[in-house]
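Take a look at the structure set out below.
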Amino acid sequence: MEENHNKYNIICLSNQIWDFPLWTNKKHVMSRLPKLGHDVLFVDPPINTGRLFLRHLLQGKWSLKRLLTKIKRTEEGVTVFSPLNSHPISQKYSVKHAEKINKISDRIFKDKDRKTVLWIYHVEIKGLENYLKHIKHDFLVYDCVDNYEGFPKYNTPEKKKWIQDQEEMLATRANIVFSTTPGLMERLKKYNPKTYFTPNVGDYERFFDIKNKGFEIPEDIKDIKKPIVAFTGAVDEYKFDKELFQKIAEENSEYSFVIIGPMALKDRSSSKKELGFENLNNVYFLGTKDYKDLPKYLAHFDEMIIPYQLNDYTVGGCFPVKFLDYLAVGLPTVVTDLPTYVPFDTVCYVSKNYDEFSLNVKKALEENSDMKIKQRQEVAKVQNWDGKISNMLNLVSENMK
């Protein structure tokens, strides 16, 4: 990574809790900053003391110390603050949470002469203006990784206007804006000319050449017949195309299909039966896995798929981080026809419809070769987190002058 001489105190307002099992853009970025000399306070989205919190307690994610302080320290050196709301109307807690963030910052940021960067992913947070007003900072970053107005929950004109107003307010106030897709960049540039395209990348070092590292086959896939076609990520309502997945599993019955990740419908846990997959005997759901264990699985898969829907959310601003991880392994990868994949159409199988996707599942395996594996890995090598983070930090420094 290119050395960046300016070191910062960074407060990150995330839209996803640190304990979420799948690694996303914000965790990849924030987990790498401490080793570069930056101090990082990662703020989980406020958690209501209801079912989710109870589930975390039962899973042992909250020690007594964390329960008392709401703070934990990760092995990467990130301080994580998990604010709790005792009432579902969480907006009224925003000032209190902002004040707590300031107190934690004063305690953990060792160098008081450094500039403090408020780095926001969570445009949907209730009371956003209060956080901007009350959290002490010198520089504001809006890091946009999603097309929020395309989320199904913003399904009325009033709801859509609310999220549009939130984003316009944040983008306008920000010193700089990062965006992960060209579509997001063009839209946000209307609010802030200092909007930069910082595409998602992959964890090349973690996934490169894992098939030659001697990983023992995990117990829960040991008896699954090969070849194995796999997907990692959430089986959710607004991205995952369950009709497409059902079709390819039925039409390619000689293959085994494995899914690693949570199953969810309408933001709640779901089941194979509810998704309509109960009669697909060649489909295996393994549940969520720790990110550090994924290489052990991908090392034994033969092909990857990303069967995403084409809708306002995915077309407008979706770039799956996992895509470049798959390429780093060298695995043939079949995807739907999202704009994201245009620059990569020579190293993946872009499918314009259901029939083509199903045919490509077979074609990708039949055409696989050492030459194609090398081509995929070469593309993944130049799309890495070190390069992305170095670029972002340099942009912060240039715009802070």
Search result, residues across the range 278-297 that are at pLDDT below 90, within 15 Å of residue 234 (Cβ to Cβ) and part of a loop (DSSP other than H, G, I, E, B): 288
message: Looking for something in contact with a strand residue (DSSP E or B) (Cβ under 6 Å, 6 or more places away or on another chain), surrounded by fewer than 14 Cβ atoms within 10 Å (Cβ to Cβ) and either assigned to a loop (DSSP other than H, G, I, E, B) or not charged (D, E, K, R) (or both) - is there at least one such residue anywhere in the range 163-181?
response: no
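Could you go through the range 298-312 and let me know if any residue there is in a helix (DSSP H, G or I), in the same structural domain as residue 235 (by TED's automatic domain parsing), out of contact with any Lys or Arg (no Cβ under 7 Å at 6 or more places or on another chain) and at pLDDT 95 or above. Outline the logic, then answer.
Our first condition is that a residue be in a helix (DSSP H, G or I); within the range 298-312, this holds for 298, 312.
Now narrow it down to the ones that are in the same structural domain as residue 235 (by TED's automatic domain parsing): 298, 312.
Narrowing further to those that are out of contact with any Lys or Arg (no Cβ under 7 Å at 6 or more places or on another chain): 298, 312.
Right, trim to at pLDDT 95 or above and you get 298.
So far as the range 298-312 goes, yes, one or more of its residues are in a helix (DSSP H, G or I), in the same structural domain as residue 235 (by TED's automatic domain parsing), out of contact with any Lys or Arg (no Cβ under 7 Å at 6 or more places or on another chain) and at pLDDT 95 or above.
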- prompt: Of 86, 94, which residue is over 30 Å from residue 398 (Cβ atoms), touching a residue at least 12 places away in the same chain (Cβ under 8 Å) and crowded, with 20+ Cβ neighbours inside 10 Å?
  reply: 94
query: What pairs can you find where one residue is in the range 304-326 and within 21 Å of residue 360 (Cα to Cα) and in contact (Cβ under 8 Å) with a residue 12 or more places away in the chain, the other is in a helix (DSSP H, G or I) and among the polar types (S, T, N, Q), and their Cβ atoms are less than 7 Å apart, with a gap of 6+ or different chains?
result: 308/314; 319/340
field: Any chance residue 125 is assigned to a loop (DSSP other than H, G, I, E, B), hydrophobic (A, V, I, L, M, F, W, C) and touching a helix residue (DSSP H, G or I) at 6+ places or on another chain (Cβ under 9 Å)
entry: yes
Extreme residue, nearest to residue 199 (Cα to Cα), among residues of the range 339-375 that are touching a residue at least 60 places away in the same chain (Cβ under 8 Å) and small (Gly, Ala, Ser): 364
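The values are calculated or read from the model by the stated rules, or taken from the named source; none is laboratory data. Everything quoted here is computed from the prediction, not taken from an experiment. Reconstructed Cβ throughout: ideal geometry from the backbone, glycine too, with neighbour counts over all protein chains shown.
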